[in-house]
Amino acid sequence: MGKALFITGTGTDVGKTFVTGLIVKRLRGAGMNAGYYKAALSGAERAADGTLLPGDALHVNRVANIGESVENLVSYIYEEAVSPHLAARHTGRPIEFSQVQADYRRAKEKYGYLTVEGSGGIICPLRWEDGEHLVLDDLVARLGLPALIVADAGLGTINATVLTIEHLSLRHIPVRGVILNHWTGGAMEEDNRRMIEEMTGIPVVALVGQGDEELSMEAGVLASLYA
Ligand SMILES: Nc1ncnc2c1ncn2[C@@H]1O[C@H](COP(=O)(O)OP(=O)(O)OP(=O)(O)O)[C@@H](O)[C@H]1O
Ligand SMILES: [Mg+2]
C-alpha cells in the first residue's frame, strides 16, 4: 500500500490541476512510482464519440507521463459545470462513498505516491440527498488523507488560505503546507507568504509562476509530505 496526499485549494480554478501536474511530474522524474486520482469531476467536455473527457486527469496523466487509463483516474465524471452534488442529482448518478473508497484503495495499491485532487475548495458538496450528505472534507477525513493547499499568490489570499487551514484543522485533517500559484514576486506577494506562515504556522513549501514547467521543490522533500 502506497502513500497519499490530498490537494485542495482555496477555490475552484485556483490551479490545483496545474500544480498537481508539476508535483506528479517531479516525483516521477525522480524515479518514484507516482499516480493521480480524483473522486468527482464536473464540467467535463464531450468527445466526438460521446464519451466524457475528464480534463484534470487527462492533463496530469499527460504532463506527468503516468500512462494510466482514464477509467482508473476519476470515479465520477459529469458534463454539467456545477458542484458535483447538483450534477449528480441531475444525472441520477449519486456519488457513493464506498465506490470512491474502493477506487482510491486500488490506486493506492498500484502507486507508491498517490496524489488525490479535490473538486473546488474544501467545502464542496459531493452528495446532498435526503438522509445522505457527503461533503469533500468528510471524504478526506474518512480516507485519512493529509492535505496540501494550492492558493493564489495575490490579493485576497490571506483570508482564503487562513480560512481553509482553520477549517481543515477543525476537521482534524493534517495540513502539510501551502503552494502559492501565479507567483510573480513583489512586496505584497512576499508579505502574503509571510503572513500565511506567521498566522497559521503552516509553511509555504513552493511558489509556482505562470507557465512553470518544473516545481521548485526537491523530490525527497515533496515525498515526505505523503502519508
Ligand atoms: N501557474 C500557471 N501557469 C499557467 N496556467 C495556469 C497556472 N495555474 C493555473 N493555470 C491555468 O488556469 C486554469 C485553471 O487552473 P486549474 O485547472 O489547475 O484549476 P483547478 O483548481 O484545478 O480547478 P478545478 O476546481 O476545476 O479542479 C487552467 O486553464 C490552467 O491551465
Ligand atoms: Mg482541477
- [ ] Output the residue which, of all residues in segment 129-159 that are closer than 28 Å to residue 186 by Cβ and buried (at least 18 other Cβ atoms within 10 Å of the Cβ), is nearest to ligand 2 (Cβ to nearest atom).
- [x] 150
TODO: Could you tell me whether residue 78 is over 14 Å from the mean Cα position of the chain (by Cα), of a type in the set (Phe, Trp, Tyr) and more than 12 Å from ligand 2 (Cβ to nearest atom)?
DONE: yes
TODO: Could you please find all residues in segment 11-47 being within 13 Å of ligand 2 (Cβ to nearest atom) and over 20 Å from residue 69 (Cα atoms)?
DONE: 11, 12, 13, 14, 15, 16, 19
- [ ] Output the residue which, of all residues in segment 1-10 that are farther than 16 Å from residue 221 by Cβ and open to solvent by 30 Å² or more (accessible area, probe 1.4 Å), is farthest from ligand 2 (Cβ to nearest atom).
- [x] 1
Task: Scan of segment 171-195 for residues that are part of a loop (DSSP other than H, G, I, E, B) and open to solvent by less than 70 Å² (accessible area, probe 1.4 Å), ordered by number - done: 173, 174, 183, 185, 186
TODO: Go through (1) within 16 Å of ligand 1 (Cβ to nearest atom); (2) of a type outside the set (Ser, Thr, Tyr); (3) in contact with a Leu (Cβ under 7 Å, 6 or more places away or on another chain); (4) open to solvent by less than 30 Å² (accessible area, probe 1.4 Å) and name the single condition residue 107 misses.
DONE: (1)
Open item on the list: Of the conditions (1) surrounded by 19 or more Cβ atoms within 10 Å (Cβ to Cβ); (2) closer than 25 Å to residue 105 by Cβ; (3) within 12 Å of ligand 1 (Cβ to nearest atom), residue 58 satisfies every one except a single condition; which number is it?
Closed with: (1)
- [ ] Could you pull out the residue among 88, 34 that is farther than 24 Å from residue 227 by Cα and open to solvent by less than 10 Å² (accessible area, probe 1.4 Å)?
- [x] 88
- [ ] Go through (1) farther than 24 Å from residue 205 by Cα; (2) open to solvent by less than 40 Å² (accessible area, probe 1.4 Å); (3) more than 14 Å from the chain's Cα centre (by Cα) and name the single condition residue 72 misses.
- [x] (2)
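The values are calculated or read from the model by the stated rules, or taken from the named source; none is laboratory data. Since the model is a prediction, treat every value here as computed from it, not as a measurement. As a convention, Cβ positions derive from the backbone with ideal geometry for all residues, glycine included, and neighbour counts pool all protein chains shown. Just so you know, the surface numbers come from the protein's heavy atoms only, side chains and all, with ligands and any DNA or RNA stripped out. Shrake-Rupley method; radii C 1.70, N 1.55, O 1.52, S 1.80 Å.
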